[in-house]
Amino acid sequence: MFRFATRGAAVQRTLFQRTMATSQTPMEDVMRAKINETLTPTALEIFNDSHLHAHHKAMQGSTSRETHFRVYITSDAFKSKMQPARHRMVYTLLKDELAAEGGIHALQLRTRTVEEEEKAKAKESA
């Protein structure tokens, strides 16, 4: 079973609060830090698509500009796991950001192993 190397809740809150005070993209920064620390990806791309959804009814009144993300992760932590299990790993990792007021509203994931990413790139170039 996969186990997350997690920090204490107080340390995570402090990291989030410090990032919120100093960054233009605090949610993305926290996501990147947690994913890098836990999954040690060989590739990580985070796209903030919030501006594409700002007009949605659910977003009315929201002051957050970081609510909708596409995240592409390539990591060997995903070896021998099916997509649902991989996605659960990421959702568990980002559970605080998903639950926070003004936090992540939508998360689109592409999770691949290094081998899967190499095969995909080879297929694209063929």
Averaged per residue, what accessible area in Å² does the range 86-126 show with a 1.4 Å probe, protein chains only? 65
Using 1/(1 + (r/R0)^6) with R0 = 30 angstrom and r between the beta carbons of residue 32 and residue 119, what's the FRET efficiency to the nearest 0.05? 0.75
Could you give the length gained by full extension between residue 83 and residue 106, i.e. 0.36 nm per residue of separation minus their alpha carbon distance, to one decimal place? 6.5 nm
At R0 = 41 Å the Cβ-Cβ FRET efficiency linking residue 96 and residue 126, nearest 0.05, sits at 0.50
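The values are calculated or read from the model by the stated rules, or taken from the named source; none is laboratory data. On a predicted model such as this, the values are computed, not experimentally measured, just so you know. Virtual Cβ from ideal backbone geometry, glycine too; neighbours counted across all protein chains shown. These accessible areas exclude ligands, DNA and RNA; they are computed on the full protein's heavy atoms, side chains included. Shrake-Rupley method; radii C 1.70, N 1.55, O 1.52, S 1.80 Å.
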